[in-house]
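This report concerns only the one structure given below.
The values are calculated or read from the model by the stated rules, or taken from the named source; none is laboratory data. Bear in mind the structure is a predicted one, so any value in this text is a computation, not a measurement. Virtual Cβ from ideal backbone geometry, glycine too; neighbours counted across all protein chains shown.
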Amino acid sequence: MPLGEEFNGIPMESLIGAPLKAASDANLQLAQTTSNFINEVGFDGDNVRTASFAYTVDNKQQIIDVPLLAVVQIPSLKVDLVDITFDMEIKTSESTKSTKDQKLEFAAKAKYSAGLFSVEASVSGSVASHQENTRSTDKSAKYHVQVKATDSGMPEGLARVLDIMNRAIVPPEAGAAPAS
């Protein structure tokens with residue numbers, strides 16, 4: 001297989017789209033959590049839940065009712081970073097091993113006679129050959145998704161509603177009868 005063809009058929013839409021869809025779904029769930037918190041903690045039916053605070057001014061006890069949502073931390077998380085990293089490393093080498101051994105042996109004898117002289121000779125030898133080839137293939141892939149959720153602070157609309165509610169709270173004048 002030619003180098004690079006390993007990338008064919010990789011579902012990039014799924015590799016990238018699935019984590020983004022999950023982050024979008026997570027943001028929807030986080031928004032629903034904030035909405036549920038406001039409804040469950042901040043309201044009792046149609047009435048705003050309040051916390052009463054008592055304090056003394058000029059030796060007279062004062063009581064002030066403050067909307068509970070103004071004094072508690074409202075969860076407002078959102079997924080604001082989705083880091084998708086796709087790494088694919090291709091090392092191409094094939095693991096094949098072939099060995100070839102050859103050996104050639106030979107021997108020869110010769111005899112020569114001439115009159116009183118006789119000569120005898122022998123020759124022998126061998127030739128050997130060894131050949132070895134090795135190739136190996138490694139392929140690896142890594143898929144990494146990092147999701148970061150942070151508290152983005154109070155939404156501007158909620159901050160304005162709480163400001164309106166806070167302006168409606170007027171501490172009683174010193175010496176006035178406590179609110180009931």
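A few remarks follow.
- Looking at Ser118, Ser136, Ser98, just one residue is modelled with pLDDT under 75, farther than 30 Å from Phe37 by Cβ, loosely packed, with under 10 Cβ neighbours inside 10 Å and of a type in the set (Ser, Thr, Tyr), and that residue is Ser98.
- Pairs are defined by a Cβ separation below 6 Å, a sequence spacing of at least 6 or placement on different chains, a first member in region 61-83 that is farther than 12 Å from Leu30 by Cα, and a second member that is part of a strand (DSSP E or B) and of a type in the set (Gly, Ala, Ser); the pairs so defined are Gln61/Ala54; Ile63/Ser52; Ile63/Ala54; Asp65/Ser52; Val66/Ala51; Leu68/Ala51; Val71/Ala51.
- The test for being assigned to a strand (DSSP E or B) and hydrophobic (A, V, I, L, M, F, W, C) does not hold for Ile38.
- Pick from region 163-180, criterion in contact with a strand residue (DSSP E or B) (Cβ under 7 Å, 6 or more places away or on another chain) and closer than 23 Å to Ile38 by Cα, ranking: modelled with the lowest pLDDT: Ile169
- Complete set of residues in region 41-74 that are assigned to a strand (DSSP E or B), farther than 14 Å from Met165 by Cα and not hydrophobic (A, V, I, L, M, F, W, C): Asp44, Ser52, Tyr55, Thr56, Lys60, Gln61, Gln62
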